[in-house]
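The values are calculated or read from the model by the stated rules, or taken from the named source; none is laboratory data. For clarity, every value in this text was computed on a predicted model and none was experimentally measured. Virtual Cβ from ideal backbone geometry, glycine too; neighbours counted across all protein chains shown. Calculation scope for accessible area: heavy atoms of the full protein, side chains included, ligands and nucleic acids excluded. Shrake-Rupley method; radii C 1.70, N 1.55, O 1.52, S 1.80 Å.
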Amino acid sequence: MSGKIMLSSPAPTGEEAFKGGWNEALPIGNGSMGAMVYGGVSREIMQLNEDTVWVGSGGRNRVNPKAKGSWRRVRELLLEGRIKEAEELCASDLYAIPDQQRYYDTCGHVAFSFPFGEYSGYRRELDLDNAVCRVSFVSGGSEISREYFASFPDKVIVMRQKSDGARFGCKIDISERDNPEYSLDVGEIGPYVTVKEPEGGCRYGVMLSCESDGCVICSETGAEVFDATEMTVYIAIRSDFFGDDPIKWCENALSAAAGLGFDAVKSRHVEDYRSLYGRVELKLDGDGSDSLPVNERLKTHPDDPALAELYFNFGRYLLISSSRPGTRPANLQGIWNKDHNPAWGSKYTININAEMNYWPACVCDLAECEMPLFEHLKTMLPYGQKVARDMYGLEGFCAHHNTDIFGDCAPQDMWMPATVWPMGAAWLCTHIKTHYEFTGDEAFLREYIGILKEACRFFTGYLFERNGRLITGPSTSPENIYIHPSGESGSLCVGPTMDSMIIREIFESCLEYSHLLGEWDGLCDEISAMLPKLPKPTVGKHGQIMEWSEDYDEAEPGHRHISHLWGLYPSDQLSFERTPGLMGAARVTLERRLANGGGHTGWSRAWIINMWARLRDGEKVGENVEALLGRSTYPNFFDMHPPFQIDGNFGGAAGIAEAILQSQGGVIKLLPALPPKWQSGKASGLKARGGVTVSVEWDGGKLKKAVLTPSTDKPIKLENPHEYKVFGDCCTAKRINDKIIEITCAPGAKITIEA
Ligand code: FUC
């Protein structure tokens, strides 16, 4: 393994530090605590975050009291083609009051001043194999080296600096703050700052302790180190979100870490991290440019397969570092945010972004990292049931296009193309299906089927019949605008294609799993009767999959959302197996979006990669991976919306996996969409649905060898149009059709496939 994000200069720590310079700093995180490491020589900055530090409190009911009496009228106006009036009524009666959910905040930063002047041989790297960031340079004839990491087992962020020669001094400052309400203090362990977040938000503490072979003097504003060749700083951050005292908690974490000492804390961290990261390996043979700093590689070699490999590994690194059992789900920026009021509140946008964060989880064998998303569904459920009742007068679980740490499900913003879209809970619930398909974890399914049912229940009341079809409305096709035949344009509509696809997905999985778990009930009877009336995707005048229930033109044909291809990815409702006749239309849809400027945000590009992979077009996968790297990636490898948004990192990683392995529909497909430039390479430890571990090796763009290791004795379906040789201990293979073979063997057995 050798995944390294390498840079040859520090990120700017002056004026630019909290502007563009931040996109050059490198992220470390333990799921909840995070830091951005600038690697400054004489002034170093670590910008800090903790995932429960949000502005404002929970428990609000923002539902517009007029909504219950008006939403059906909005629907009628839409059906009468009176779009403007419908949108006006929606704006006055359906938008929530206040219109904003809570938002994520930064925990400020800690600054270090060192007496280093001239320096040479500078290097900064994020070692993805060990989750350690390193900085080194030579100053005054001594080599200065630093290591930084965030430990999940020991709940601290650590920074250590060593000099191999001259002694150094350092001032550590925690007082550079612009929070309105904070206080500085020093306790037995070290200095700390406590901050009260505005609008009834949490109270949190940041505390540090410092060890050195020199002398350390702590004060309220930080610490001063004299005459050292080595210093170690431990940082703990905690809010009162969980009800405990942040300062006590920090003291405990810091004294436990200091008790263990740097070496033990580091080896426990590396062991913990590698137990997740080390499950998968990807090697894409590159063009030899990997000795260059990544910012140069991004500019000059965006098509280097080795850079795509790094992007994939960085995605896994980010997921492990921002989402672990017991933490909050990764938000729009994972956990890394420098702003007091970040773009889109750095909360959870659930009309694509939060879901995309979890696309790589299962295939990369990081299913446990997805648990925070499911835990969050539990937080949302009571709120979403109240929204269903208070806003729509209906039963069930309903959320709109955003949620926050408190699980708020009421509409967000006052923006017609996005705000009133009652599908957020439903989309999130489709992850229950995917997670179960990969893990086969029945206990998980039992735990979450109730939530899935509540999401379905909402639609038993909300769907309405028109021309024999059951459709949604008022809703939107996120976040696009259509042109009505009357010439009016609008975004509020009835029956957008994506809604029907999402509802089909949760209805079908609810029925399947209710049957499996013996939990069939009246709701299942009801939705089985409704299912045949859900509209199927239709082809429109351009040969495209229609985005709306009528064949409207789009105001922005290159829109970043490609919602009507939801069935292509993440779902497989549009697939060569299920709907071969519609795959051409899916292709036209994507081509049209791209021809009109689509893919201009990082996440949109990432989605497009996954869709091309499902369309089995390796060339397009390659082109779009190259575009993601070359046009939508910051020097620190963060995804660029702009600004930074982490969804593209995760979606891109998922797309790279999707080029190598697919398993939708329960059929394993090896190298289904390999970009032509990825001539040779290998992947191991990837997971296919059904809990099968897959390793694959290829050369000249062709499969050489693959090994499948099932975790159960259920038969494995493998696409094998090429008559690959299949052998393994006690395993039997039989052909089911001209493309697919079925292999049966014992759990843990190795099935070898050779070209
Ligand atoms: C959706 C997208 C935007 C942005 C925001 C956070 O609304 O359309 O591009 O990513 O979420």
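Observations
- Within the stretch 356-403, being away from the ligand (no atom under 16 Å from the Cβ), more than 30 Å from Ile668 (Cβ to Cβ) and open to solvent by less than 10 Å² (accessible area, probe 1.4 Å) holds for Met380, Gly384, Val387, Ala388, Met391, Tyr392, Gly396, Phe397, Cys398.
- Given (1) surrounded by 24 or more Cβ atoms within 10 Å (Cβ to Cβ); (2) in contact with a Cys (Cβ under 9 Å, 6 or more places away or on another chain); (3) not in a helix (DSSP H, G or I), index of the condition Ile320 fails: (3)
Let's see how each residue does on (1) assigned to a strand (DSSP E or B); (2) at pLDDT 95 or above; (3) crowded, with 24+ Cβ neighbours inside 10 Å:
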| site | (1), (2), (3) |
| --- | --- |
| Met6 | yes, yes, no |
| Ser9 | no, yes, no |
| Trp22 | no, yes, yes |
| Ile28 | yes, yes, yes |
| Met36 | yes, yes, yes |
| Gly39 | no, yes, yes |
| Asn64 | no, yes, no |
| Gly69 | no, yes, no |
| Arg73 | no, yes, no |
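- Of the strands (runs of 3 or more DSSP E) entirely within the stretch 644-739, those holding at least 3 residues that are touching a residue at least 24 places away in the same chain (Cβ under 8 Å) and farther than 20 Å from Ala367 by Cα occupy 702-709, 716-719, 725-728.
- Residues of the stretch 336-355 classified as β-branched (Val, Ile, Thr) and either assigned to a helix (DSSP H, G or I) or more than 16 Å from the ligand (Cβ to nearest atom) (or both), total: 0
- Test: Ala613 is in contact (Cβ under 8 Å) with a residue 60 or more places away in the chain, more than 16 Å from the ligand (Cβ to nearest atom) and either crowded, with 20+ Cβ neighbours inside 10 Å or of a type in the set (S, T, N, Q) (or both): yes
- Some residue of the stretch 460-477 being outside any loop (DSSP other than H, G, I, E, B), under 26 Å from Ala418 (Cα atoms), within 16 Å of the ligand (Cβ to nearest atom) and not aliphatic (A, V, I, L, M): yes
- Any hit, the stretch 571-588, residues being at pLDDT below 95, open to solvent by 40 Å² or more (accessible area, probe 1.4 Å) and outside any loop (DSSP other than H, G, I, E, B): no
- Search result, residues across the stretch 225-263 that are assigned to a strand (DSSP E or B) and open to solvent by less than 60 Å² (accessible area, probe 1.4 Å): Val225, Ala228, Met231, Thr232, Val233, Tyr234, Ile235, Ala236, Ile237, Arg238, Ser239
- Counting the residues of the stretch 569-595 that are over 22 Å from Met356 (Cβ atoms) and within 16 Å of the ligand (Cβ to nearest atom) gives 0.
- Close pairs (6 angstrom Cβ cut-off, 6 or more residues apart or separate chains): closer than 14 Å to Gly108 by Cβ in the stretch 319-341, in a helix (DSSP H, G or I) anywhere: Asn337/Ser346; Lys338/Phe18; Lys338/Trp22
- Residue check, Leu511 part of a helix (DSSP H, G or I), open to solvent by 30 Å² or more (accessible area, probe 1.4 Å) and either away from the ligand (no atom under 16 Å from the Cβ) or modelled with pLDDT of 95 or more (or both): no
- Sub-8 Å Cβ pairs linking a first residue in the stretch 545-561 that is open to solvent by 10 Å² or more (accessible area, probe 1.4 Å) and within 16 Å of the ligand (Cβ to nearest atom) to a second residue that is among the aliphatic types (A, V, I, L, M) and part of a loop (DSSP other than H, G, I, E, B), at least 6 apart or interchain, are Glu554/Ile481; Ala555/Ile481; Glu556/Ile481, ordered by first then second residue.
- Reported count of residues in the stretch 127-160, each being of a type in the set (Ser, Thr, Tyr), crowded, with 23+ Cβ neighbours inside 10 Å and in contact with a Gly (Cβ under 7 Å, 6 or more places away or on another chain), is 0.
- First in the stretch 625-643 and closer than 20 Å to Phe18 by Cα, second anywhere and part of a helix (DSSP H, G or I) and acidic (Asp, Glu), Cβ under 6 Å, 6 or more apart: Pro635/Glu24; Asn636/Glu24
- Sole exception among (1) away from the ligand (no atom under 16 Å from the Cβ); (2) buried (at least 24 other Cβ atoms within 10 Å of the Cβ); (3) hydrophobic (A, V, I, L, M, F, W, C); (4) in a helix (DSSP H, G or I) for Ala410, by number: (4)
- Test for Leu516: is it within 30 Å of Tyr634 (Cα to Cα), assigned to a helix (DSSP H, G or I) and open to solvent by 20 Å² or more (accessible area, probe 1.4 Å): no
- Evaluated against (1) more than 16 Å from the ligand (Cβ to nearest atom); (2) out of contact with any Leu (no Cβ under 9 Å at 6 or more places or on another chain); (3) open to solvent by less than 10 Å² (accessible area, probe 1.4 Å), Ala443 falls short on exactly one condition, (3).
- Selection of first residues in the stretch 431-442 that are farther than 13 Å from Trp359 by Cα and of second residues that are among the aliphatic types (A, V, I, L, M) and open to solvent by 40 Å² or more (accessible area, probe 1.4 Å), restricted to Cβ pairs under 9 Å at least 6 apart or on distinct chains, gives the following pairs, ordered by first then second residue: Glu442/Leu516.
- Residue in the stretch 600-608 that is at pLDDT below 95, under 17 Å from Asn480 (Cβ atoms) and within 15 Å of the ligand (Cβ to nearest atom) present: yes
- Residue match in the stretch 666-675 (condition: aliphatic (A, V, I, L, M) and at positive phi): yes
- Given (1) open to solvent by less than 30 Å² (accessible area, probe 1.4 Å); (2) in contact with an Asp or Glu (Cβ under 6 Å, 6 or more places away or on another chain), number of the condition Glu626 does not satisfy: (1)
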